[in-house]
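Colleague: Input: one structure, supplied below.
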Amino acid sequence: MKLFILFAFLALKVLAMPDDFMLDSKETLHIVDGDSVGLQMRIQGIDTPELGQLCKKTKFEIDDCGELSTKFLKKILRELPGKLSIQTLGTGYYRRILVRIYKGHTNIGRYMVEQGMAFSYQDNYLSSQNRAKMLKRGFWNFHTPPLQPYKWRKLHPPRLQK
């Protein structure tokens, strides 16, 4: 319920932005029901494994790294101290709203990369990613870290629905 309230609040904030901010894609707006909408947002500067993207945690244990990353994001948004704030930055390539999310003073995107649970996107947090690798945090401590998400997506294009 708290997440729904957050999205409703953000929807009002985005729609109250200056006139030059337009939702130019029906994919950006998600209709929940007759009186509720959600927005498709992307955390700027990071890329995480896709749901269904498998990786080897140990020599004999395979896990869904997309699910692990999703659970990690939910956990830190719930457990890190401070108020949640979302800064809108514009729209991205896939017409999702690009955002920077903070919990207190913590930049959530950077934090996910620092903890080894996200990749730096286009070198935005490359030094944080290199430090996570060196310290073997998160995915970097796995037997086989996940393939970079953009490479995985090229190998697994979405199937067209009929």
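Every number here is computed from the coordinates shown, using simple stated rules; none is lab data. Bear in mind that the values here come from a model prediction, so they are computed numbers and not experimental data. Cβ placement follows ideal geometry from the backbone for every residue including glycine, while neighbour counts extend to all protein chains displayed.
Colleague: Can you work out the Karplus-derived ³J(HN,Hα) for every residue in region 86-92? Use 6.51 cos²θ - 1.76 cosθ + 1.60 with θ = phi - 60°, whole Hz, and x for glycine or proline.
Modeller: Working through the residues one at a time gives 10, 9, 7, 10, x, 10, x Hz.
Colleague: Right, something else. Please rank 67, 114, fewest neighbouring Cβ atoms within 10 Å first, as an exposure proxy.
Modeller: On the way: 67 15, 114 20.
Listed from fewest to most nearby Cβ atoms, that is 67, 114.
Colleague: Taking only C-alpha pairs under 8 Å that are 6+ residues apart, what is the relative contact order of region 94-150 in percent?
Modeller: On the way: 46 pairs, mean separation 13.6, N = 57.
Once divided by the residue count of region 94-150, the mean separation gives 24 percent.
Colleague: Another one. Rounded, prolate or oblate: pick one for region 41-152, where a ≥ b ≥ c are the square roots of the eigenvalues of its C-alpha gyration tensor, a/c under 1.5 means rounded, and failing that, prolate if a/b is larger than b/c, else oblate.
Modeller: Prolate, since a/c reaches 1.5 and a/b exceeds b/c.
Colleague: Could you tell me the distance between the Cα centroids of region 35-49 and region 88-155, to the nearest Å?
Modeller: 14
Colleague: Quick one: net charge around residue 131, please, counting Lys, Arg +1 and Asp, Glu -1 for every other residue with C-beta under 10 Å from its C-beta.
Modeller: +1
Colleague: Note down the magnitude of the dipole of region 41-152 about its Cα centre, charges +1 on Lys and Arg C-beta and -1 on Asp and Glu C-beta and zero elsewhere, to the nearest 20 debye.
Modeller: 240
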